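Down below is the structure, laid out as structure tokens.
The values are calculated or read from the model by the stated rules, or taken from the named source; none is laboratory data. Every value quoted in this text rests on a predicted model; they were computed, and no experiment measured them. All Cβ positions, even for glycine, are placed from backbone atoms using ideal geometry, and neighbour counts span all protein chains on display.
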Amino acid sequence: MINLYPLARPFLFSLDAEAAHDLTLNALAQTQNTFLDVLYRQPFVSDPISLAGLQFPNRVGLAAGLDKNARCIDGLGAMGFGFVEVGTVTPKAQPGNDKPRMFRLPQAHALINRLGFNNEGLDAFVAHVQQARFRQQGRLLGLNIGKNALTPIENATDDYLVALSGVYPHADYVTVNISSPNTKNLRALQSDEALDGLLGALVERRALLSAQHGRHVPLFLKIAPDLDETQVSVIAATLLKHGMDGVIATNTTLAREAVQGMLHATETGGLSGTPAFEASNRVIGQLRSALGVQFPIIGVGGILCGQDALAKIKAGADVVQIYTGLIYKGPALVTEVAKALQKTAPTIPA
């Protein structure tokens, strides 16, 4: 398989980070399901694992945030992912935060973004999901939901319920994103009382949707790395209390110790890539201790090679997701990670 990304990367990195992002997504949208997908297609590595009542075709997925509007599911799927997560989608379209709002820190293999859930809204998102062929190939599709920036935090549950109802028929699993640092007060939903109320309402709505559509769709919660052990324990207890199906650890970090002195290091927003690796692993380990051996954990944060993915599994994750690593390493990283996990990761019993 020819790896063209090393040739394309210097050009993409010469552009503003968000401009390169948009250019890449537009190219994927136009070439997916055509012969031109050979430019980024990777061999699929089969490594099935059963989690949350789902059969994951392999252990490597795409993290949410790259394809917020679900326009490129098939193009991204061609890169060899066993599962792809798109979004975050909010009930209403919104522009996100002011530009510039995405920055590369190449020395640290990192990105800072403060995009702010910029997306075309629920209706457009669902329309794009319905056009994708990815699920017909036996791969899994996660749909990631959030709240609109203008919705008061005390009314956040309303937005999540609207989004859950909208995406439910089209998802293999739904991720509840309460951990982006780029929507005001959103991370407050990770606190004890707020999280209890939100998850209670979502699980109640899920029961109605399950009866309506005749299928049970797992609910995952995505949390931040900037949590102490007590906070992680509270979240774990709340997940178990409400019968949530899994947890994704973690989102981007607000910490900057690893990038001090670098260009763009003082930009506000979430830091991803290598600097998030250790914090993510720490939270994964704490979750595994609190949740027991059977509870599904998706590990994400700072995976730039196969060994990084193995470290996530060792910390306690069952499967992994990548995002920033894809920006720095290109589609070949998907194959590298999938093969590394296929060779040495223990099989988790169904």
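Residue count for region 179-228, restricted to those that are more than 17 Å from VAL162 (Cα to Cα), among the aliphatic types (A, V, I, L, M) and assigned to a strand (DSSP E or B): 1. Among residues belonging to region 210-237 that are crowded, with 21+ Cβ neighbours inside 10 Å and either more than 19 Å from ALA194 (Cα to Cα) or not aliphatic (A, V, I, L, M) (or both), point out the one that is nearest to the chain's Cα centre (by Cα). Only one residue tops the list, namely LYS222.
Please work out which residue is modelled with the lowest pLDDT, limiting yourself to region 89-128 and to residues that are among the small types (Gly, Ala, Ser) and more than 17 Å from the chain's Cα centre (by Cα). My answer is GLY96. In region 295-330, which residue that is under 15 Å from the mean Cα position of the chain (by Cα), among the aliphatic types (A, V, I, L, M) and assigned to a loop (DSSP other than H, G, I, E, B) is surrounded by the most Cβ atoms within 10 Å (Cβ to Cβ)? Across region 295-330, the extreme among qualifying residues is ILE303.
Is it the case that region 130-142 has a residue that's under 19 Å from ALA188 (Cα atoms), crowded, with 21+ Cβ neighbours inside 10 Å and within 19 Å of the chain's Cα centre (by Cα)? No, the conditions are met nowhere in region 130-142. ASN3 meets all of the listed conditions (1) part of a loop (DSSP other than H, G, I, E, B); (2) under 23 Å from LEU143 (Cβ atoms) but one, namely (2).
Give me the residue from region 238-254 that is under 19 Å from the mean Cα position of the chain (by Cα) and hydrophobic (A, V, I, L, M, F, W, C) and, out of that set, modelled with the lowest pLDDT. Don't jump to the end; show me each part of the working.
We begin by selecting, within region 238-254, every residue under 19 Å from the mean Cα position of the chain (by Cα); these are 239, 244-254.
With the extra rule that they be hydrophobic (A, V, I, L, M, F, W, C), the set shrinks to 239, 244, 247-249, 254.
Details: LEU239: 96, MET244: 97, VAL247: 98, ILE248: 97, ALA249: 96, LEU254: 93.
Result: LEU254.
For region 97-125, the set of residues classified as touching a residue at least 40 places away in the same chain (Cβ under 8 Å), of a type outside the set (A, V, I, L, M, F, W, C) and within 22 Å of LEU254 (Cα to Cα) consists of ASN97, LYS99, PRO100, ARG101, ARG104, PRO106, GLN107, HIS109, ASN113, ARG114, GLY116, ASN118, listed by residue number.
Here THR151 fulfils each of the conditions (1) assigned to a helix (DSSP H, G or I); (2) over 17 Å from the mean Cα position of the chain (by Cα) apart from (1).
Restricting region 169-183 to residues that are of a type in the set (Ser, Thr, Tyr) and at pLDDT 80 or above leaves a set whose member that is surrounded by the fewest Cβ atoms within 10 Å (Cβ to Cβ) is TYR173. Residues that are polar (S, T, N, Q), in contact with a helix residue (DSSP H, G or I) (Cβ under 6 Å, 6 or more places away or on another chain) and assigned to a helix (DSSP H, G or I): does region 272-280 have at least one? Yes - at least one qualifying residue is present in region 272-280.
Looking only at residues of region 258-271 that are surrounded by fewer than 21 Cβ atoms within 10 Å (Cβ to Cβ) and out of contact with any helix residue (DSSP H, G or I) (no Cβ under 8 Å at 6 or more places or on another chain), we find that the one that is nearest to ILE223 (Cα to Cα) is THR268.
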